[in-house]
Amino acid sequence: LRDATARGVLSFSSSATHADRFARFLEWARQAHGVRRLEHITREHVIQFGELLKEAGKSARTHQNYISSINTVMRIASRGQWQSVSPRKEAHAPKRIEVRKTPAPTHAQAERAISSIGDPVVKACAQAMYAMGLRVMEAGLLNPTKALGEAERAGRITIERGTKGGRARSVPATPEAKAALRSLSDALRGHENAVSVFGDKRVYKSALNRYRGALKAAGVGRYHDLRAAYAVRRYEQLTGRAAPCMAGGHRAAPDALDRQAREVIALELGHERIDVVAEYVGGR
């Protein structure tokens with residue numbers, strides 16, 4: 001985990017959280033199965049630990065977070081060879097769906113909110129979040145020069161630094177994405193990424209926080225809502241219908257088309273489960 005943090009794959013806070021959860025799992029594995037080495041941990045151990053969490057009545061969020069942390073540590077320790085255990089399908093985690101009921105920011109609101117940001121680097125990062133559905137740290141660690149080269153060459157953009165659980169993914173190199181990358185490159189003035197401009201991740205986040213009020217005044221409650229705005233825009237592009245959260249909770253897209261769109265959006269947002277997409281676009 002320390003190595004992953006040093007490489008920018010995980011934040012310090014994420015690393016500490018994963019370590020704490022994994023330590024509790026490891027203590028159980030030692031007592032229940034005599035496990036003393038990481039290579040002796042099996043998927044069956046994780047599944048059994050999931051059963052224990054279920055018997056203990058842990059919430060869906062807590063249950064899934066524990067299994068996710070175990071998968072993350074084992075994936076890093078095995079250099080990607082670990083076969084993840086599904087929290088719900090295998091580790092008995094209860095279903096957790098937080099369905100978005102409020103509308104995501106419209107294009108006009110997102111553009112107005114981004115325009116209200118005074119710092120050019122923060123503004124460019126916010127534009128990247130909106131254009132590519134990025135998380136705050138993903139935007140902060142993105143190298144726009146490298147990403148632009150890939151966009152022109154392959155028509156896709158790989159997001160690998162700052163991702164949740166260290167899972168790389170790709171997003172389409174749309175005209176909006178390319179424009180956002182050019183703006184970010186101009187704002188960085190030769191720096192590799194936004195975090196390097198501010199010196200470290202803490203100062204970068206502090207710079208973003210200074211403009212939360214301006215975002216809210218423009219109709220965007222938080223930076224994460226720019227990801228939701230990306231998701232609803234993609235949903236409409238993929239289905240030809242408005243996302244449920246933009247249509248008063250009503251879904252007009254046929255079942256098959258709706259599911260296909262959610263599968264695409266889940267991958268582009270960096271989620272393993274399509275039900276999480278409901279948190280961005282509304283229920284099915």
I'd like to check one number: the per residue accessible area of region 81-153, probe 1.4 Å, reported in Å² as a whole number.
46 Å²
Of all accessible heavy-atom area on region 80-226, the percent that carbon and sulfur account for (1.4 Å):
49 percent
Once R0 is set to 22 Å, what does the formula 1/(1 + (r/R0)^6) return for the Cβ-Cβ distance between residue 98 and residue 3, expressed as a FRET efficiency to the nearest 0.05?
0.10
Computed, not fitted: 222 nm per-residue ellipticity of the chain from DSSP H runs ≥ 4 (each -39500 (n - 2.57)), nearest 500, equal to -17500 deg cm²/dmol
Hey, got the dipole for region 1-150? About the Cα centre, +1 on K and R Cβ, -1 on D and E Cβ, debye to the nearest 20?
260 debye
I'd like the accessible area for residue 39: 1.4 Å probe, protein heavy atoms, all chains in place, Å² to the nearest 10.
120 Å²
Calculate the spin-label point distance for residue 40 paired with residue 196, positioning each point 7 Å from the Cα along the beta-carbon direction, and give it in nanometres.
4.4 nm
Treat each spin label as a single point 7 Å out from the Cα along the C-beta direction, and report the residue 263 to residue 210 distance in nm.
4.6 nm
In Å and whole numbers, how far do the C-alpha atoms of region 198-284 stretch along each principal axis, longest first?
47, 28, 18
Amide H to amide H, which residues 5 or more places from residue 170 or on other chains are under 5 Å from it, using H placed in the peptide plane?
159
Normalising by the residue count of the chain, find the relative contact order in percent from Cα pairs under 8 Å and 6+ residues apart.
21 percent
In nm, to one decimal, how far is the residue 31 label point from the residue 250 one, both placed 7 Å along Cα→Cβ?
5.5 nm
Taking max minus min of the Cα coordinates of region 1-103 on each principal axis, largest first, gives extents in Å of 46, 34, 22
Mind jotting down the distance between the C-alpha centroids of region 141-202 and region 1-48, whole Å?
30 Å
Taking the chain, the lysine pairs whose C-alpha atoms sit under 16 Å apart (8 or more places apart or on different chains) add up to 8
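Using the Cα centre as the reference, give the magnitude of the dipole from point charges on the C-beta atoms of the chain (Lys, Arg: +1; Asp, Glu: -1; all else neutral), rounded to the nearest 20 debye.
360 debye
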Put +1 on the Cβ of every Lys and Arg and -1 on every Asp and Glu Cβ in the chain; which of 19, 181, 115 then has its Cα farthest towards the positive end of the dipole?
19
Below 8 Å between Cα atoms, with a sequence gap of 6+, how large is the relative contact order for region 111-251 in percent?
30 percent
In degrees between 0 and 90, to the nearest 10, how far off the longest principal axis of the chain does helix 43-55 point, with axes built from Cα atoms?
90 degrees
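The values are calculated or read from the model by the stated rules, or taken from the named source; none is laboratory data. These figures come from a predicted structure and were not determined experimentally. Quick reminder, even Gly has a Cβ in these numbers, built from the backbone with ideal geometry, and neighbours come from all protein chains shown. Note: areas computed on protein heavy atoms with side chains; ligands, DNA, RNA excluded. Shrake-Rupley method; radii C 1.70, N 1.55, O 1.52, S 1.80 Å.
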